[in-house]
Amino acid sequence: MRILAIETSCDETAAAVVENGRRARSNAIASQIEAHKLYGGVVPEIASRMHVEAICAVAGEALGAAGIALQEIDAIAATAAPGLVGALLVGLNYAKGLAYALGKPLIAVHHLRAHVAANYLSDSTLAPPFLCLIVSGGHTHIVEVLDYTTFRVVGRTRDDAAGEALDKTARLLGLPYPGGPHLDRLGRGGDPNAFRFPRPKVSGNPYDYSFSGLKTAALNQLRLKPESSLLNPDFAASFQYAVADYLCRNFLRAAADLGYRGLALAGGVCANSVLRAEMKARCEQQGLALHVPELAYCGDNAAMVAAQAYYEFRAGHLAGLDYNAAPSLSIEETL
Ligand code: KG4
Ligand code: ZN
């Protein structure tokens with residue numbers, strides 16, 4: 001089954017063709033980063049407009065790169081929640097138009113479920129159940145993937161997402177938006193123990209996170225020392241190590257308590273080299289199987305949306321043409 005998927009939940013206009021949820025035939029992305037850089041973050045109105053401008057060309061590129069005609073597509077999918085509502089509407093309505101014109105099924109996909117499904121593209125043998133750590137710009141979740149379309153959140157951040165903490169700290173150092181990848185590059189070769197950061201505990205759930213304290217600790221270091229002394233590999237390495245160590249601790253504790261031996265990472269922040277290395281080393285030490293998406297499928301892309309769409313389709317989850325986008329919706333709820 002060939003699915004053409006559209007992703008426009010934030011600042012990437014993306015389209016992809018994937019076969020049977022596993023084999024990506026194409027993965028086209030038009031990034032808006034340059035436009036938003038000027039403002040230090042995503043401007044929703046600009047994002048929506050740029051999606052409108054790019055969507056037709058990006059979808060055409062995905063079909064062209066796959067060498068597949070529109071008539072050969074079996075279903076159309078789009079990210080419908082969560083995200084910037086104006087941005088989501090562009091992709092969802094474009095997908096509705098295509099589905100209606102072609103007389104093909106429409107599949108609405110949850111963005112975080114799609115991030116999890118990025119793992120199916122990189123590892124054709126991976127199948128639920130497994131425990132997944134989703135770390136993106138807007139979300140930090142520990143999720144039980146019970147089957148392809150059944151999820152249970154066992155831990156989450158109480159405030160900032162991990163990506164937000166990385167981006168805001170990078171911004172304090174004067175690094176451009178989005179700061180995560182810049183911090184990653186700056187920290188290469190730095191000493192991860194040169195600066196100390198807390199591992200905040202939150203009451204009520206041992207797997208929950210709080211990243212705002214880490215961000216404030218970075219701000220306090222900045223107040224104590226001049227910015228120039230912090231714009232160095234040691235500070236970047238230490239902050240990333242603190243984030244990675246904190247993510248690993250709660251995630252591996254949840255895995256041990258819940259009895260999972262198969263684990264996966266998902267979301268833009270799982271492109272981070274420190275997190276990938278730390279998690280891999282600790283899983284190897286504990287004899288746990290760790291799945292990590294290829295870098296191309298970590299950040300927002302449409303191939304992961306098509307992968308999840310395949311499983312939503314098989315579960316009978318189809319959307320009507322009256323389907324609406326939802327800016328916030330739990331991963332546990334079926335669209
Ligand atoms: O999943 P994603 O592309 O978009 C959302 O759904 O939010 O995640 C974006 C986040 C941003 O915070 C970005 O800085 C972060 O992923 N990110 C990284 C790296 N690459 C992307 N953070 C740290 N290191 C990286 N290499
Ligand atoms: Zn995302």
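Order 300, 147, 11, most accessible first, counting only protein heavy atoms with a 1.4 angstrom probe. Intermediate values should be presented prior to the final figure.
Details: 300 35, 147 65, 11 10 Å².
Largest accessible area first, the residues go 147, 300, 11.
Which loop-located trypsin sites (Lys or Arg not before Pro) does segment 277-322 contain, where loop means any DSSP state but H, G, I, E or B and the Cβ has at most 11 other Cβ atoms within 10 Å? Before the final figure, lay out the partial values.
Working: sites: 280, 282, 314; in loops: none.
The qualifying sites: there are none.
Protein heavy-atom accessible surface, 1.4 Å probe, per residue over segment 124-169: 33 Å². Which trypsin sites (Lys or Arg not before Pro) in segment 200-248 pass both tests, a DSSP loop state and at most 11 other beta-carbon atoms within 10 Å? Passing both the DSSP loop test and the Cβ count: 201.
Apolar share of the accessible surface for the chain: 52 percent from carbon plus sulfur atoms, 1.4 Å probe.
Binning the C-alpha pair distances of segment 126-295 at 5 Å intervals from 0 yields a P(r) profile of 1, 9, 19, 22, 20, 14, 8, 4, 2, 0, 0 %, listed from the shortest bin outward. Both radii are taken from the alpha-carbon atoms of the chain; with Rh as the Kirkwood radius, Rg/Rh is 0.98.
What FRET efficiency comes out for residue 285 versus residue 317 if R0 is 35 angstrom and r is the Cβ-Cβ distance? Round to the nearest 0.05. Mind showing how you got there, number by number?
On the way: r = 39 Å, r/R0 = 1.10.
For residue 285 and residue 317, the calculated efficiency is 0.35.
In summary, the lysines within cross-link reach of residue 168, defined as a Cα separation below 23 angstrom excluding same-chain residues under 8 places away, comprise 37, 201, 215, 225.
Relative contact order of segment 126-295: 26 percent, from C-alpha pairs under 8 Å at least 6 residues apart in sequence. Among beta bridges from DSSP that stay inside the chain, the antiparallel ones total about 60%. Of all aspartates and glutamates in the structure, the ones whose alpha carbon falls short of 16 Å from that of residue 96, not counting any fewer than 8 places away in one chain, are 7, 74, 322.
Extension gain, residue 212-residue 70: 0.36 nm per intervening residue step, less the Cα-Cα distance, totals 46.5 nm.
The mean sequence separation of alpha-carbon pairs under 8 Å and at least six residues apart, normalised by the residue count of the chain, gives a relative contact order of 25 percent. Distance from the alpha carbon centroid of segment 42-91 to that of segment 153-216 works out to 31 angstrom.
The values are calculated or read from the model by the stated rules, or taken from the named source; none is laboratory data. Since we're looking at a predicted model, the values are computed, not measured. Cβ sites come from the backbone with ideal geometry, for glycine too, and all protein chains shown count toward neighbours. For the accessible areas, the whole protein counts, side chains as well, though only heavy atoms, and no ligand, DNA or RNA atoms are used. Shrake-Rupley method; radii C 1.70, N 1.55, O 1.52, S 1.80 Å.
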